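Notes follow the structure.
Nothing in this text is a laboratory measurement; each read-out follows from the coordinates by a stated rule. Quantities reported herein were computed from a predicted structural model and do not represent experimental measurements. When we count neighbours, we look across all protein chains shown, and the Cβ atoms used for this are built from the backbone with ideal geometry, even at glycine.
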Amino acid sequence: MNDPFADIRPYRDAEVAAVLSHLLDSPEFLDALATYRLGRIAALVPSLVRSLVRHRLASEVRGVSDVKSVQVIIERYMTRMIEGATSGFSVSGLEQLEPKRPYLYMSNHRDIAMDPAFTNYALHHGGYETARIAIGDNLLTKPWVSDLMRLNKSFIVRRSVNGPRELLATSKTLANYILHSLALENSAVWIAQREGRAKDGIDRTEPVIIKMLSMSRDKSKRDFGEHIEDLDIVPVAISYELDPCDAMKAKELFEQATKGCYEKAEQEDVVSIAEGIAGEKGRVHVSFGTPLRGNLNTPDAVASEVDRQIITGYCLHPTNLYAYCRLYGSDALVSTGFHVEEGDYSEAAFDARIKAMPAAHRPFALGIYANAVVSKLALADSSPTSC
């Protein structure tokens, strides 16, 4: 009965029915869903709309009693989203991995919800088990949001802690839970390479993430490098032809550059999640790397190898080149040898997208796309991406 991870772990099969019943009885959740589906219309006759939403939702989840059934429903919504909000979805690298092995997938972080969602969609359709997803408690602004995330194999990363002792304790609990999932429950895990999105388009691993993972090591039995190999970390590069939140990110980057700080509006993360899901993404590619091996004996060494694989695996789209040329000129791209995925967004449409933003924000918006090229050029061994 002792469950040290009860407050952070995903819900188990035996808990699914009760959580769904609780959600169906939550007016706040039903109102939020009605507003998302119907917009301002939902506010005109809230009680009626709430009742209709509850009836529809109850019908959809009837008979759902385990996590896998929940993910079947989510998979249907993902398929609709891919058909409506992308120009195509592709995957590479999965064939290098063992289907039954629980890997720790460490990906770049461009979108709050869609990065792990696309990773799991790729795994599911490739015949692999989906991963448990690390999600910061700063995003779980309402109890029903937490319930929804934990139904979908998400576990909570406690970021809103005070003091070094509490931070140390929560970090160790998180590290132990990740190892517990991988080693004892044979469950894959997804985690971002950094805290917060790479809003400037520069994908870099924070060594503090690696230090956290090392807290689960039994120092009497395994050295640091052996522990890293035991975790089976697989870098994952997710690339979007278009970033639905590019204008929001450009505004934030501009204010940070000119004012030294940026204050988020209330529920801004929720808006970003909604825009990331519904907004136009163009073509999306997920590239899986290979498990980390070799003499990676420090957090910095591990972070560098994750960066190398992510930058190499990142699939360039024409939008990345359009932006790079706007900032640096086209001459720098001659004979780079980079593979560029075929795109569906024309140069004229991209220029119009950028010009729709305030003039002061445009260089930052271009950087979001161009920095993928900058990162590839900066690699000592700039091999073409394979996608």
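The table for this structure:
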quantity: Where N is the number of residues in the chain, Cα Rg divided by 2.2 N^0.38 Å; calculated: 1.01
quantity: Pairs beyond 23 Å (Cα-Cα), from LYS211/LYS251; LYS68/LYS100; LYS281/LYS355; LYS199/LYS281; LYS211/LYS264; calculated: LYS211/LYS251; LYS211/LYS264
quantity: Cα point-scatterer Debye curve for the stretch 161-256, base-10 log of I(q)/I(0) at q = 0.21 Å⁻¹; calculated: -1.12
quantity: Segment ARG12-ARG101, length gained on full extension (0.36 nm per residue, minus Cα span); calculated: 30.0 nm
quantity: The stretch 78-237: equivalent-ellipsoid semi-axes (sqrt of 5 x gyration tensor eigenvalues, Cα, Å); calculated: 25, 20, 15
quantity: Radius 14 Å from Cβ of HIS55, net charge of other residues (Lys, Arg +1; Asp, Glu -1); calculated: +3
quantity: For LEU148, LEU242, order by how many other beta-carbon atoms lie within 10 Å, fewest first; calculated: LEU148, LEU242
quantity: Value of relative contact order over the stretch 16-81, rounded to a whole percent, pairs C-alpha under 8 Å and six or more apart; calculated: 36
quantity: Lys, Arg +1 and Asp, Glu -1 on Cβ, resulting dipole of the chain about Cα centre, debye, nearest 20; calculated: 560
quantity: Mean Cα-pair separation over length for the chain, i.e. relative contact order, pairs under 8 Å, 6 or more apart, %; calculated: 20
quantity: Spin-label model distance (nm) - ARG76 vs ALA257, 7 Å beyond Cα toward Cβ; calculated: 4.6
quantity: Residues with amide H under 5 Å from that of ARG132, placed H, sequence gap 5 or more; calculated: ALA188, VAL189, TRP190
quantity: Sparse-neighbour loop sites [trypsin sites (Lys or Arg not before Pro); the stretch 30-123; at most 12 other C-beta within 10 Å; DSSP]; calculated: ARG40, ARG62, LYS100
quantity: Rel. contact order, % - alpha carbon contacts under 8 angstrom, at least six apart, the stretch 94-224; calculated: 35
quantity: Rg/Rg_ref, the stretch 1-115, where Rg_ref = 2.2 N^0.38 Å and atoms are Cα; calculated: 1.36
quantity: Cα coordinate range in the stretch 1-65, projected on the principal axes (Å, largest first); calculated: 48, 23, 15
quantity: Zone of ASP66's modelled label, taken as backbone nitrogen in the stretch 1-36 under 16 Å from a point 7 Å along Cα→Cβ; calculated: 11-18
